[in-house]
1. Look at the stretch 88-104 and say how many of its residues are modelled with pLDDT of 95 or more and closer than 19 Å to residue 39 by Cα.
2. Which residues, counting only those in the stretch 265-274, are in a loop (DSSP other than H, G, I, E, B) and out of contact with any strand residue (DSSP E or B) (no Cβ under 8 Å at 6 or more places or on another chain)?
3. Taking helices (runs of 4 or more DSSP H) that do not extend beyond the stretch 282-341, which have at least 2 residues that are farther than 20 Å from residue 145 by Cβ?
4. Given the options 300, 222, name the one that is buried (at least 20 other Cβ atoms within 10 Å of the Cβ) and touching a helix residue (DSSP H, G or I) at 6+ places or on another chain (Cβ under 8 Å).
5. Suppose the filter is touching a helix residue (DSSP H, G or I) at 6+ places or on another chain (Cβ under 8 Å) and outside any helix (DSSP H, G or I); does residue 118 pass it?
6. In the stretch 123-179, what count of residues is obtained for those that are part of a helix (DSSP H, G or I) and either in contact (Cβ under 8 Å) with a residue 60 or more places away in the chain or not assigned by TED's automatic domain parsing to the domain that holds residue 23 (or both)?
7. Kindly indicate which of 190, 242, 217 is at pLDDT below 95 and either over 18 Å from residue 122 (Cβ atoms) or in contact with a helix residue (DSSP H, G or I) (Cβ under 8 Å, 6 or more places away or on another chain) (or both).
8. Have a look at 348, 316 and point out the one that is farther than 15 Å from residue 167 by Cβ and touching a strand residue (DSSP E or B) at 6+ places or on another chain (Cβ under 6 Å).
C-alpha cells in the first residue's frame with residue numbers, strides 16, 4: 001500500500017487543505033499519517049479525522065528580535081530528529097507539506113531520508129517556513145499565478161487551493177435553521193480566521209445595531225472571543241469556531257466580511273460569495289494578506305478594506321455598497337478560471353510516489 005505523510009500547522013489555514021486532500025488520497029489507495037506540532041491546534045483537527053498523528057517539537061522562526069530566538073532553534077533541531085524517527089517508522093512513499101513552522105523540521109528530515117516532497121504555498125509570496133523548504137522540495141504548488149515568478153521554474157506548479165468538497169454541498173435552509181434565522185433579511189457572515197480578529201470583531205460589534213436593521217448576522221469570532229453581553233440579541237449569533245455546519249452557514253450567507261488568508265478567500269471564490277476583505281495590516285504580518293486582497297480586488301472578486309481605514313461610518317457605507325453591487329462580484333467570480341487543486345496535487349504525489 002502507498003503511504004503519504006501530511007504535515008503543516010499553526011493555524012487552520014495550514015491544516016484545512018490537508019484535510020481537503022484526504023478523501024482523494026484514500027480513494028487512490030494511500031495510507032495517511034500526519035506529523036504536526038505536539039501542542040498545536042492541528043492535533044485536534046487531525047485526530048478527529050481518525051488519522052494517525054505524530055507530534056514533534058517546533059519553534060517559530062522570527063524576523064524580529066525575541067528572546068525565544070535563542071531557544072527555539074533547539075526546539076527545531078529536536079523536532080527534526082523526532083520527525084526523522086516518525087518517518088523511519090512510517091516509511092512513506094511521498095510527503096506533502098502545507099507549510100507553517102512545524103513543516104520545516106519535517107521536510108528537512110524527509111529530504112535526509114530521500115523521501116519525495118511536494119509543498120504548497122497559499123499566499124502570493126512564499127513565507128519564511130516555505131522558503132526554507134523550497135530548496136529540498138521536488139515540486140512546489142501555489143495558489144496565485146503571480147507566485148510562479150518567485151519559485152524555481154523546474155519545481156513550480158500552479159495548482160490553486162485545495163477546497164473541501166463538502167463546502168460545496170451546503171444548504172441555505174439548514175444554515176438559517178441552525179442560527180434560528182428566517183428569509184426576511186439577508187445574512188451577513190463575519191469570519192475572523194481560526195484564531196479570531198479582535199479588530200474585525202470590534203468593528204462589527206461597534207455598528208451592530210445599525211447592521212441588524214438590514215441584516216441577520218453570523219459572527220465567527222474565534223477562540224475565547226465571544227461577547228457574553230450580546231448573547232440573545234435578536235438576529236445575531238456568535239460562535240468561536242464552526243466545523244460541521246460551516247458549509248450550511250456559508251450557503252446561507254449573502255455577504256461575507258473576512259480576513260484575507262488564502263484558504264478562506266479561495267473558498268469564498270469557489271462558493272461565489274461577495275466579500276469585503278480586511279487583510280492583516282503590514283505592522284502585524286509580513287503583508288501576505290494585503291497582497292492576497294489586492295489580487296482579489298483587482299480581479300473584481302472582492303472589496304478590499306484596509307483595517308486602518310475602518311470607521312463606523314465607513315464600514316457601514318462599504319457594506320451597503322458591496323451588497324448593492326453583489327451581482328457584479330458574483331459575475332466576476334463566475335468568469336474565473338477553475339482548477340481542480342485536489343486532483344493536480346494528488347497526481348503529483350502519485351507521480352513522485354511511483355518513482
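The values are calculated or read from the model by the stated rules, or taken from the named source; none is laboratory data. On a predicted model such as this, the values are computed, not experimentally measured, just so you know. No Cβ is skipped: glycine too gets one built from the backbone with ideal geometry, and neighbour counts run over all protein chains shown.
1. Restricting attention to the stretch 88-104, the residues satisfying the condition of being modelled with pLDDT of 95 or more are 88-97.
In the following step, the residues that additionally are closer than 19 Å to residue 39 by Cα were identified as 97.
Total satisfying the criteria: 1.
2. Just the residues of the stretch 265-274 that are in a loop (DSSP other than H, G, I, E, B), to begin with: 272-274.
Result: 272, single match.
3. 312-324, 326-334
4. Values: 300 fails: buried (at least 20 other Cβ atoms within 10 Å of the Cβ).
The unique qualifying residue is 222.
5. On the way: touching a helix residue (DSSP H, G or I) at 6+ places or on another chain (Cβ under 8 Å): yes; outside any helix (DSSP H, G or I): yes.
Considered against the rule, which asks whether it is touching a helix residue (DSSP H, G or I) at 6+ places or on another chain (Cβ under 8 Å) and outside any helix (DSSP H, G or I), residue 118 comes out as yes.
6. Step one: of the stretch 123-179, the residues part of a helix (DSSP H, G or I) are 128-136, 145-150, 165-169, 172-179.
Narrowing further to those that are either in contact (Cβ under 8 Å) with a residue 60 or more places away in the chain or not assigned by TED's automatic domain parsing to the domain that holds residue 23 (or both): 128-129, 132, 146, 165-169, 172-179.
Within the stretch 123-179, residues that are part of a helix (DSSP H, G or I) and either in contact (Cβ under 8 Å) with a residue 60 or more places away in the chain or not assigned by TED's automatic domain parsing to the domain that holds residue 23 (or both) number 17.
7. Working: 190 fails: at pLDDT below 95; 217 fails: at pLDDT below 95.
None of the other options fit; the residue is 242.
8. On the way: 316 fails: touching a strand residue (DSSP E or B) at 6+ places or on another chain (Cβ under 6 Å).
Just one listed residue meets the conditions, 348.
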